[in-house]
Amino acid sequence: MTDKEKQEAAAVATPPCASDALAEGTVDAVVIGGGAAGLNGALILARSRRSVVVIDSGSPRNAPAEAVHGLMALDGTPPSEILRRGREQVRQYGGRVVHGKVVSAESAAPSANGDLRFTVTLAGGRSITARRILVATGLKDVLPQVPGLAEHWGHSVVHCPYCHGWEVRDEPIGILATGPASVGHAYLFRQLTDDLTYFTHGTDLDDDSRARFAARGIRVIDTPVTEVVDEGGALAGVRLADSQVVARRVLAVAPQMQARTEGLEGLGLPVQDLPTGRTFASGTDGTTEVPGVWVAGNVTDPVAQVGASAAAGALAGIDINKMLAIADTEAALQGIAEAGPKAATR
């Protein structure tokens, strides 16, 4: 049996939407989001013998992509396979992965010894209590409203030269501008092809940028794009407002990136507005201004690739375990102090 056949057989044995039972009682940590950041954070916690539950809605950002690239040792691996392995490894150490959508997460009354508590509720009414929370819900890409564009997203319509660049090298590529960030986009994709056209699509392009584009042989078209032209299921070009069709095999787009924050309003997490969109603000190792809540991955760093998101999840998991260890020690000391006077009167 080939490696590919083994992977396919394993995927059948462990369906992507397989769900563990929701843990009863209070768990050490709930991880909201089952992507690279969430699973790696959960892995760190589970290997530290923490009770951890991952809530996975089953809608990863990179689902349309055929493979993950630029990730050492896993370059070319389908996203679904990486997630399948991640879920399997979390479970291997006693962690649980529950398929569901979080509809609310909020602080709850602390424990008798003053330790933090949170309640996370899923669609359908199920809920779980946790000592700490890691938010790793990721983001969603908001594409320009150009007919036909979304149908090719993740294949012939791409956004990241490091994720997809090698696969589209030497093709006729178009940059569909969405704002100032698209200028930098053009320079990166120019490294991959000699045939690059920049569609300003209603955005401003100053004279300096035009001169630089001309020096690099980047063609500029100011006429707005009205639709993506498809031939036999493949991207063939774009149609302009004057009805002209410009042949292209690939379009690069810098979409607006929106952090997935639905259902998390009750946590009161601070947000930050970046040029790429709105995300949750975070400090070192994913800490937030809300005690007991961490964030990791694209929900706070929209440009992080899979490797960077996984690393952020690991750092957050390490910090969560450290803070839980401190809380456990404080609780033990408090228990001894409270037992002392009682023991003396016996």
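The values are calculated or read from the model by the stated rules, or taken from the named source; none is laboratory data. Remember, it's a predicted structure, so these values are computed and weren't measured experimentally. Here the Cβ positions follow ideal geometry from the backbone for every residue, glycine too, while neighbour counts run over all protein chains shown. Each accessible area value is taken on the protein alone, full model and side chains, heavy atoms only, with ligands, DNA and RNA left out. Shrake-Rupley method; radii C 1.70, N 1.55, O 1.52, S 1.80 Å.
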### Query
Rounded to the nearest 20 Debye, what is the dipole magnitude of the chain about its Cα centre when Lys and Arg each give +1 and Asp and Glu each give -1 at the C-beta?
1140
### Message
Which one, V158, V135, T77, is farthest towards the positive end of the dipole of the chain when Lys and Arg carry +1 and Asp and Glu -1 on their Cβ?
### Response
V135
### Task
Under 1.5 on a/c is rounded, so check that first for the range 165-250, then, if it is not, pick prolate when a/b is larger than b/c and oblate when it is not; a ≥ b ≥ c are the square roots of the alpha carbon gyration tensor eigenvalues.
oblate
### Degrees between helix 79-92 axis and first principal axis of the chain (Cα, 0 to 90, nearest 10)
10
### Message
Can you tally the net charge around G232? Count Lys and Arg as +1, Asp and Glu as -1, for every other residue whose Cβ sits under 14 Å from the Cβ of G232.
### Response
-2
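Sorted by mean Cβ packing within 10 Å, highest first, what order do the peptides 156-163, 54-61, 229-236 take? Mind dumping the intermediate values first?
Values: 156-163: 19.1, 54-61: 21.0, 229-236: 12.8.
Descending packing order for the listed peptides: 54-61, 156-163, 229-236.
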### Task
Enter the angle in degrees (range 0 to 90, nearest 10) between the Cα long axis of helix 3-13 and the first principal axis of the Cα atoms of the chain, meaning the one along which they spread out most.
50
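What number, rounded to the nearest 500 deg cm²/dmol, is the helix-based mean residue ellipticity at 222 nm of the chain, given -39500 (n - 2.57) per DSSP H run of at least four residues and division by all its residues? Please list the in-between numbers first.
Details: 7 runs with 99 residues, N = 346.
It comes out at -9000 deg cm²/dmol, rounded to the nearest 500.
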### Query
Pairing the Cα long axis of helix 181-190 with the longest principal axis of the chain, what angle in degrees results, from 0 to 90 and rounded to the nearest 10?
70
## Note on the structure
Using alpha carbon centers only, the range 73-137 is separated from the range 234-309 by a whole-angstrom value of 21
### Task
State the answer as a single residue: which of A67, G217, A296 lies farthest towards the positive end of the charge dipole of the chain, with beta carbon charges of +1 for Lys and Arg and -1 for Asp and Glu, about the Cα centre.
A296
### Query
Can you run phi through the Karplus equation (6.51, -1.76, 1.60; θ = phi - 60°) for the range 116-131 and list ³J(HN,Hα) in whole Hz, with x for Gly and Pro?
5, 9, 9, 10, 10, 10, 9, 4, x, x, 5, 9, 9, 9, 9, 7
## Note on the structure
Comparing L43, L143, L251 in a Gaussian network model of the chain (Cα, 10 Å), the one with the largest mean-square fluctuation is L143
### Task
With P(r) over Cα pairs in 20 Å bins from 0, in percent defined as stated, name the option among [x] 29, 49, 11, 7, 4, 0; [y] 28, 47, 21, 3, 1; [z] 30, 58, 12, 0 computed from the structure displayed.
[y]
### Task
Quantify, in whole percent, the carbon and sulfur part of the accessible surface of the range 28-84 (1.4 Å probe; protein heavy atoms only).
53
### Message
If packing is taken as the average count of other Cβ atoms within 10 Å, what order do 86-92, 74-80, 35-41 fall into, highest mean first?
### Response
35-41, 86-92, 74-80
### Summary
Rounded to whole Å², per residue accessible area for the range 202-346 with a 1.4 Å probe reads 52
## Note on the structure
Classified through the alpha carbon gyration tensor (a ≥ b ≥ c as square roots of its eigenvalues; rounded if a/c is under 1.5, else prolate when a/b is larger than b/c, else oblate), the range 250-318 comes out oblate
